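Chemist: Let me begin by handing over the structure; questions about it come next.
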Amino acid sequence: MTKHIYLDHAATTPTDPRVVKAMAPYWTKNFGNPSSLYYIGQRAKNTLDNSRIAVAKIFNSQPEEVIFTGGGTESINLAIKGAVIASRLTPAHLITSNFEHHAVLNAVQALKNQGHEVSLIPVDADGFIIQDKLWSEIQDNTVLISIMMANNEVGTIEPIQEIGAHLEKLNKERKAKNLPHIFFHTDACQAAGALELNVEKLHVDLLSINGSKIYGPKGVGALYIRRGTALKALVDGGGQEKNLRSGTENIPGIVGLATALNIAEQNREKENKRLISLRDWTIKKLLTTIPKTLLNGHPTQRLPNNINISILDIEGEAMLLYLDEIGIQASTGSACTAQDLEPSHVIRALGRPYEAAHGSLRLTLGHSTQKEDLVFLSKKLPGIVKYLRQVSPINVDMNTLHSSIKKYPREIIKL
Amino acid sequence: MPTYTKKKKKVIKKSVAEQADIVPKSGEESWLYSDIVKEHFFTPKNLIMDASKIKEYDGLGMIGSPACGDMMKVWVWVDKKNDKIKKMQWQTFGCASAIGATSMLSVMVAENGGMPIEQALKIRPQDITSRLGGLPTRKIHCSVLGDKALRSAINNYFLRSKQKDRIVEEQARMIDKIAQVTDHDIEEAVLEGAISLEAVQKKTKAGVGNPEVIPEIEQLIKFYREKYFG
């Protein structure tokens with residue numbers, strides 16, 4: 001029997017059976033609309049309220065500061081576009097990094113197309129935001145900074161707490177000068193489940209998460225909105241979710257999200273410990289047994305489940321298909337899996353050249369991952385790489401590669 | 001009186017989603033590529049694993065770069081008496097489409113006693129993709145380098161065999177030296193409906209991994225758009 005080893009938990013996770021069980025009553029039995037006055041409607045409203053309280057507890061916020069959305073992308077769009085439009089400045093200025101998920105980059109692009117101003121901050125070779133650049137970009141009309149909590153491709157964990165605390169000080173100075181407040185959003189979709197989402201500690205005004213990355217259902221997300229943060233709704237209608245996200249609430253999904261987040265929080269530290277040990281074992285093994293490899297992202301300040309290495313002289317998609325044949329599912333930053341022919345902007349933002357992005361392999365571990373799976377992978381991968389290198393006419397010189405990383409321009413995306 | 005038992009017909013109950021063809025039928029393998037591509041990817045034909053073993057050949061061509069995501073190296077052997085390609089061997093850095101396309105090309109030029117050189121010079125990417133049973137739309141670009149690599153190998157053969165008059169000069173102007181894309185290629189792409197930079201890149205790979213030529217490509221797209229579509 002072919003093995004089935006899923007190592008792409010950053011793409012999506014299987015829904016935890018406990019979550020499915022928690023959702024089960026809300027399809028056919030307790031199907032009420034929370035806006036209805038009668039019994040089943042009010043019962044649905046109670047469920048909605050309880051879910052909100054449960055999520056707020058994990059955010060260390062008030063329940064009123066949490067709204068439910070149709071997923072991470074929607075939360076991010078609402079946070080970014082909503083805050084900029086609500087500022088009523090034309091043009092408003094916002095700052096993000098060239099390292100973000102496309103949900104952020106394309107939302108920002110859409111605002112730019114409407115005439116707003118955008119600054120993209122580069123990251124260093126490990127993927128950390130270059131903070132000096134961030135602070136020097138602030139203008140009088142800056143209204144929003146959006147920085148991801150942890151990167152989805154290379155797992156680098158950004159110093160959100162530090163940035164948030166500094167911004168708080170800056171905002172006090174701006175208030176004295178009568179300049180607009182700069183709101184701080186973090187895309188925590190990839191961080192949720194692994195990192196603490198305490199909004200007070202993080203000093204964030206807006207925080208986005210979704211269900212499908214934390215063993216919850218797809219198509220449901222949440223957005224934390226600090227009291228006093230004005231947003232303009234993107235979906236108009238019956239005024240649900242504080243008039244910020246109209247449409248009958250997805251009660252089964254919301255119950256699933258709240259349950260999944262709770263389970264994740266309970267197991268977080270124990271599971272992180274387990275995953276970090278598996279991650280570090282695998283990284284060491286792959287880097288030492290396969291020649292011409294590079295680790296992408298920081299060695300320790302990375303998500304516990306994230307492994308991302310560039311394997312030179314071969315192309316990522318070909319490698320993935322060979323892995324798929326032996327039952328291992330993984331991901332790559334190669335252009336061949338992208339829509340736009342450009343290889344991963346994340347790997348390139350680290351200063352890595354195209355060659356390294358084309359040969360990148362992302363393995364993201366999860367609940368189901370056992371040591372034996374990674375032992376199997378580390379036994380099979382060197383052979384696949386060796387074969388594909390024989391097929392390939394390329395032989396990149398590692399010294400040239402290393403020196404090019406140092407001087408490579410990091411401003412890779414132009415909006 | 002003979003008795004017989006009526007055989008009960010086994011009824012396999014299908015779920016509603018299965019009946020509505022929403023879920024894939026159980027056991028149905030799904031692969032992004034056709035079976036032919038899969039076959040050529042996993043068991044490539046005429047692949048050369050160790051290039052140092054090639055001592056003699058008639059023509060060698062190379063195209064692409066690691067930066068643009070595809071690179072092909074092609075060796076050809078020629079039946080000089082009949083002016084046909086005898087054999088083609090290759091190495092490819094690239095995805096399944098690129099590997100599959102080079103493999104298929106190597107079969108095409110050598111089958112039926114070899115392809116006349118004049119005909120081999122005229123192979124277009126579409127000829128290769130149709131033999132592969134098609135490629136997913138967004139993967140077409142991965143196959144566009146094969147025919148160019150072959151032409152470059154044939155030109156190299158002309159050069160080595162002192163038939164300089166036969167060398168097919170790319171008459172068009174080279175726009176992207178890495179992806180070997182000419183103004184003519186861009187004109188063709190625009191004619192085929194690629195009227196944005198992204199669409200032209202999808203067809204030609206121009207400027208992919210070589211962003212400094214993008215302004216010129218954009219100029220050309222604008223020029224041909226106005227020329228043909230006003």
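Chemist: From the protein chains alone at 1.4 Å, what is the descending order of accessible area for B:ASP50, A:ASP313, largest first?
Modeler: Working: B:ASP50 65, A:ASP313 10 Å².
I get B:ASP50, A:ASP313, largest accessible area first.
Chemist: Could you state the angle between the C-alpha long axis of helix A:160-176 and the longest principal axis of the C-alpha atoms of chain A, as a value from 0 to 90 degrees rounded to the nearest 10?
Modeler: That helix lies at roughly 50 degrees to the long axis.
Chemist: Order A:ARG227, B:ARG151, A:ARG348, most accessible first, counting only protein heavy atoms with a 1.4 angstrom probe. Display every interim value, and only then the final one.
Modeler: Details: A:ARG227 165, B:ARG151 50, A:ARG348 25 Å².
The residues order as A:ARG227, B:ARG151, A:ARG348, largest area first.
Chemist: Take a quick pass over segment A:143-218 and tell me how many lysine pairs come in under 25 angstrom between Cα atoms, counting only ones 8 or more apart or on separate chains. Show your work: numbers first, answer last.
Modeler: Working: A:LYS169/A:LYS177; A:LYS169/A:LYS201; A:LYS172/A:LYS201; A:LYS175/A:LYS201; A:LYS201/A:LYS213.
Lysine pair count for segment A:143-218: 5.
Chemist: Hey, what number do you get for the protein assembly as shown at 222 nm if only DSSP H runs of n ≥ 4 count, each worth -39500 (n - 2.57), divided across all residues, to the nearest 500?
Modeler: -12500 deg cm²/dmol
Chemist: Something else: What lysines sit close enough to A:LYS29 to cross-link, taking a C-alpha to C-alpha distance under 20 Å and skipping anything fewer than 8 places away on the same chain?
Modeler: Partners within reach: A:LYS21, A:LYS45.
Chemist: Let me check something: with ligands and nucleic acids excluded, how do B:TRP77, A:TRP281 order by accessible area (1.4 Å probe), largest to smallest?
Modeler: Values: B:TRP77 40, A:TRP281 75 Å².
Most to least solvent-accessible, the answer reads A:TRP281, B:TRP77.
Chemist: Could you grab the relative contact order for chain B? Cα pairs under 8 Å, six or more apart, rounded to a whole percent.
Modeler: 18 percent
Chemist: If you don't mind, there's one more thing I want to ask. Relative to the longest principal axis of the C-alpha atoms of chain A, give the angle of the C-alpha long axis of helix A:398-407, reported between 0 and 90° and rounded to the nearest 10°.
Modeler: 30 degrees
Chemist: What quantity of accessible surface, computed with a 1.4 Å probe and excluding non-protein components, is buried in total between chains B and A, in Å² to the nearest 100?
Modeler: 2500 Å²
Chemist: Within segment B:69-100, report the trypsin sites (Lys or Arg not before Pro) that DSSP leaves as loop and that have at most 15 other Cβ atoms within 10 Å.
Modeler: The qualifying sites are B:LYS80, B:LYS81.
Chemist: Between rounded, prolate and oblate, where does chain B land on the alpha carbon gyration tensor, with a ≥ b ≥ c its root eigenvalues, rounded for a/c under 1.5, else prolate if a/b exceeds b/c?
Modeler: Since a/c reaches 1.5 but b/c is at least a/b, the shape of chain B is classed as oblate.
Chemist: Once a ≥ b ≥ c are taken as the square roots of the eigenvalues of the Cα gyration tensor of chain A, is the result rounded (a/c under 1.5), prolate (a/b larger than b/c) or oblate (a/b not larger than b/c)?
Modeler: Oblate, since a/c reaches 1.5 and b/c is not below a/b.
Chemist: What residues in segment A:371-395 lose 30 Å² or more of accessible surface when the other protein chains are added to their chain alone (1.4 Å probe)?
Modeler: The answer is A:TYR387, A:GLN390, A:VAL391, A:PRO393, A:ILE394 - residues whose exposure falls by at least 30 Å² when every protein chain is included.
Chemist: How far is helix A:371-391 tilted, in degrees, relative to the longest principal axis of the Cα atoms in chain A, given as a value from 0 to 90 rounded to the nearest 10?
Modeler: 60 degrees
Chemist: Measuring with a 1.4 Å probe in the full set of protein chains, what accessible area per residue, in whole Å², belongs to segment A:169-269?
Modeler: 41 Å²
Chemist: Also, quick follow-up: Please report the carbon-and-sulfur percent of the accessible area for segment A:3-90; probe 1.4 Å, protein heavy atoms only, DNA, RNA and ligands left out.
Modeler: Ligands and nucleic acids excluded, carbon and sulfur reach 57 percent.
Chemist: Let me ask something else about it. Counting only heavy atoms of protein chains, what accessible area per residue, in Å², does segment A:78-134 have with a probe of 1.4 Å?
Modeler: Dividing the accessible area of segment A:78-134 by its residue count gives 36 Å².
Chemist: To the nearest 10 square angstrom, what accessible area does A:TYR6 show with a 1.4 Å probe?
Modeler: For A:TYR6, the solvent-accessible surface is approximately 60 Å².
Chemist: Which helices pass in chain B if a helix is a full DSSP H run, must span at least 15 angstrom along its long axis by Cα, and must have mean Kyte-Doolittle hydropathy not below 0.5?
Modeler: B:96-110
Chemist: Over the heavy atoms of A:THR289, what accessible area does a 1.4 Å probe trace out, to the nearest 10 Å²?
Modeler: 60 Å²
Chemist: Can you give me the solvent accessible area of A:HIS203 with a 1.4 Å probe, rounded to the nearest 10 Å²?
Modeler: 50 Å²
Chemist: I'd like the mean, over residues of A:314-322, of how many other protein chain beta carbons sit within 10 Å of each residue's own Cβ.
Modeler: Other-chain Cβ atoms within 10 Å of each residue's Cβ, averaged: 6.
Chemist: Given a 1.4 Å probe and every protein chain left where it sits, what share in percent of the accessible area of segment B:63-214 is carbon and sulfur?
Modeler: 49 percent
The values are calculated or read from the model by the stated rules, or taken from the named source; none is laboratory data. Everything numeric in this text was worked out from a predicted model, so none of it was measured. Here Cβ is always computed from backbone atoms with ideal geometry, including for glycine, and neighbour counts include all displayed protein chains. The protein model used for the area step is the full one, side chains on, heavy atoms only, and it has no ligands, DNA or RNA in it. Shrake-Rupley method; radii C 1.70, N 1.55, O 1.52, S 1.80 Å.
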